[in-house]
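Quick notes on the structure that follows.
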Amino acid sequence: MRARPPHLALSLALISLSVATLGVSARVDAATGWIPPPSVTAVVSSATFAPGSTHPIEMTVRANGVPASLNWVAAAGGGFTLGVSPSSGSITVPADSIRRVTLSVTVPALAIGAASLSIDITNQIGGGHVMKTSSAIISASGGRPEVWPTPSTWFAPASTSGTVSFQVRSLLGTAESLVVTDGRLNPDPNNSDALFHGSAFPVDVSLPGGATITLSEPTTIAGSAYAGNANSVQCSITSNEGISTAVGYALVSASLADSLPTALYPVGVTPMSGPAAARDGAVELTGRGLWLLPAGLDGVRVLSAGSELARIGPVDTDANGSDDRLVGQIRVPSFAASIAVVPGFVSPAGDTLDLGLLAAGRAGLMLVDLRNVIGPLFGTWEDFFDLDRNGIDDRILRMISLPGFATDVTWFRAPSGRIVALVADADTGSVPVAADYNPSLVAGGTGSGVAAIDVSAALDSLGGVPYGAGTLSTPGSALDLELRRAGSGAPDLAVADGPEGVSLYHLTTGGGAPATVTFTPLGSVALSSAWGAPYARDACWISNTRDSVYLAVAASSGGIEVVRAPLGGAPSLVMTQQTLAPAIGLAGAWTGNLAVGMGSGGVALMRAPGAAELNQISPASAAPYTAPVALARAQAWIEGRALEVAWHRTPSASATSLQFLSTTGPIPDLLVSDGPRALLLRPGQATIVAVGEEPSPPRVLPLAVSVAPNPLGERAEIRVFDASAPAGSGASEVEVEIFDVQGRVVGRIRSGAGPGAGVGAAASPGTLSNLARLTWDGRNDRGRRLASGRYWLRVRAGAREATRAVLILR
């Protein structure tokens, strides 16, 4: 079960407002195929020079987005002693500017082979390590030709055509025939497969004795590249005397603003040592500034949740070889597939701790003490977390074996107060959370379906206390679990059941130790094959539909499918949306948006229809509401826009799981488990078109809100009713927040607050059915009249809330 931040939800339910009114572009904001560079790009050329000679080479430095004040130190090594002058220095580079540092290198008279030149770059303020760049200087011994790039780096704006050129100088008195080969690489590990287009050098050339010729490789800098991205171009010359090699660079000096995405663009990359494949992505340790990221065979990695995540890595200021944002690791003797956190859990021994419930693949369920997850500042991991030196993390309190592959875990609190964990125990044969999961390799029936475990009993110090709370055998392969919590009542459970689609169950829990869970079937849904063979791999509740009535399902080749799951009723399929590639992972934001992980297909950002539209879909409805609605990619629906609004993909994409962060803004940032990296994508200018309700547990009797007149011209009356309160019971304090189309709070009104309740607002409580009556004159918190357009009111009274759209016409 994904933890959802306690913020408002921004719904996409109101479709009557036209696209032209909202200023929304109908195109999908597409990926560029590139990851932006780090804050500093630095490259230094390689060359082949004659023994006993001195030549200049250049280091090119670009400050990407922010100014850079840097110190640098050059060090030589390798097969001979290379002279370098100067060997250190300082450089200041204004933001989005390029500076060059000229170095003089001397090849000794008797040099043979190659020397290395590495340049370590640090910040002038604080001295933190920024990066290291390196090159090779080869001795042109035996009379082989000299070769060097000129200039060392060719830089130009994106979408510019030019050449990367090299000088080739003969060291012989006679002409010779040369064979020329080339190579093109991307020096940035985040963009290793992103290459500029170009044609090759001529293969055979003639070099006159003692002469110098120029070889050029036509190159076009990619129009979609970011400023600071680069390619290296290698020129290798094969002569009778041996091979001479040089490396020059093509660098993007300025990007094309129109070619870069305004939504779902990368703002952070944290390199991982192994694939960060998991079911539901990262989980926040609330109030501790940390994220737990299940990372398969690499265990659970602990990431700093601060602004450092929004940096392109690696970030290694202490130069210890480890990214500074990876602050801890829980080593698991199996596969870390998914983790859930029970905050403030009180153990049978009376300890209070954040308890981790870890779905650990073939090892079943692990109970983990999360009180100390930061890595040691000194010593080794074993010194702190493996005192008995058995190779198993001491923070693992108990391992509960299951017959299959534990792929997901969630939990709820029973009426008795006991914590019950639910584990999805999938069939074995292929790793369920991996991008290359292959259902044809799965041995049916090897998993147990859903296992319920009384966590309190499992941790009981007596050891022999039974902890099994029940099992649910599912017809397919249980890959993901999503709970719908009905306040203090019994929850409902949705199971993404692989080839069998989605099943829903109502849970009841008996008392005793262990607690006993009864699974009452509510119905199953076979998914649509409109876009390919469906296979339910992940699911999430759509948060902008009241009481979480709708469930989104990542259905592999079947795309994204939406299931209606009414409280106490049978589920049904209402919509299927085609995706660029098979849908593997799914995440929902409190804004009503969905993010889809598609493995090598990257990540798609979608807007989820709200209940106002979804409620109209049924088999008996006329088009475009005939169920199930099948939408192709880029196909517009009823309001003339496609549901997919943005996507991001690079050649190395491997997106398996996702999680929206609890950040503010129109749509929160998205943290993606993307192969060997944690990728932070920013939705940016993806548009919000309505404000919906917070994705909290179902409310039996929500608030009722009326606004009159609506549309309003100069003044409107807002009336708030709470149907759960008896008539004449008096008013509760009511707060109203006013949002614009960008999701920004532009005004607030409070009842019973007297003068100053909000500029441009007057409030007075009523007396009928806990009624509050407020007036609003259409002004913002600064007293300025708001422009014509649509706005949304979020009304709160205690724990209850409701929303209402308002149209201002001036």
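For the reader, a short list of remarks on this structure follows.
- Loop-located chymotrypsin sites (Phe, Trp or Tyr not before Pro) in the stretch 328-414 whose Cβ has at most 16 other Cβ within 10 Å (DSSP): Phe378
- For the stretch 272-286, Karplus couplings with θ = phi - 60° (6.51, -1.76, 1.60), whole Hz, Gly/Pro x: 10, 7, x, x, 8, 7, 7, 7, 10, x, 6, 10, 7, 8, 4
- Across the accessible surface of the stretch 531-671, with the other protein chains kept in place and a 1.4 Å probe, carbon and sulfur atoms take up 56 percent.
- Sites Leu377 and Ile125, calculated FRET efficiency, Cβ-Cβ separation with R0 25 Å, nearest 0.05: 0.60
- Whether the stretch 308-371 is rounded, prolate or oblate, judged on the alpha carbon gyration tensor where a/c under 1.5 counts as rounded: prolate
- For Ser199 and Ala708, the difference between the fully extended length at 0.36 nm per residue and the C-alpha to C-alpha distance is 176.4 nm.
- Residues whose amide H lies under 5 Å from that of Thr219, counting only those 5 or more places away or on a different chain, are Gly162, Thr163, Val164; hydrogens are built 1.01 Å from N in the peptide plane.
- Distance between the 7 Å Cα→Cβ label points at Arg362 and Asp318: 3.6 nm.
- Counting only heavy atoms of the protein chains and using a 1.4 Å probe, Glu644 has close to 10 Å² of accessible surface.
- Listed values for the stretch 465-478 are Karplus-derived 3J(HN,Hα) couplings in whole Hz (6.51 cos²θ - 1.76 cosθ + 1.60, θ = phi - 60°), namely 5, x, 10, x, 10, x, 9, 10, 7, 9, x, x, 10, 5, and x replaces Gly and Pro.
- All Cα-Cα separations within the stretch 257-332 were binned at 10 Å from zero, giving a P(r) of 18, 46, 27, 8, 0, each value a whole percent of the pairs.
- Rolling a 1.4 Å probe over the protein heavy atoms gives the chain an accessible area of 37 Å² per residue.
- In order through the stretch 302-308: 3J(HN,Hα) via Karplus (6.51 cos²θ - 1.76 cosθ + 1.60), integer Hz, x for Gly, Pro: 10, 10, 5, 8, x, 5, 4
- The slack in the chain from Thr220 to Val745, taken as 0.36 nm per residue of separation less the alpha-carbon distance, amounts to 184.5 nm.
- Cα gyration tensor category, rounded, prolate or oblate, for the stretch 379-440 with a/c compared to 1.5: oblate
- Coarse-grained scattering of the chain at q = 0.09, 0.11 Å⁻¹, given as base-10 log I(q)/I(0) from a Debye sum over alpha-carbon atoms: -0.95, -1.23
- Antiparallel beta bridges, as assigned by DSSP with both residues in the stretch 101-174, represent about 100 percent of the total such bridges.
- Cα gyration tensor, the stretch 429-538 - rounded (a/c under 1.5), prolate or oblate: oblate
- Carbon-plus-sulfur accessible fraction, the stretch 383-455 (probe radius 1.4 Å, protein heavy atoms only): 53%.
- Alpha-carbon centroids, the stretch 369-411 and the stretch 155-213: separation in whole Å: 52 Å
- Residues of the stretch 199-219 with amide N under 17 Å of the 7 Å Cα→Cβ point at His55: 207-217
- When the helices of the chain are scored as -39500 (n - 2.57) per DSSP H run of n ≥ 4 and the total is divided over every residue, the value at 222 nm lands at -500 deg cm²/dmol.
The values are calculated or read from the model by the stated rules, or taken from the named source; none is laboratory data. These numbers come from a predicted model, not from an experiment. Glycine gets a Cβ as well: all are built from the backbone with ideal geometry, and neighbour counts include every protein chain shown. Surface areas here come from the heavy atoms of the whole protein model, side chains and all, with no ligands, DNA or RNA. Shrake-Rupley method; radii C 1.70, N 1.55, O 1.52, S 1.80 Å.
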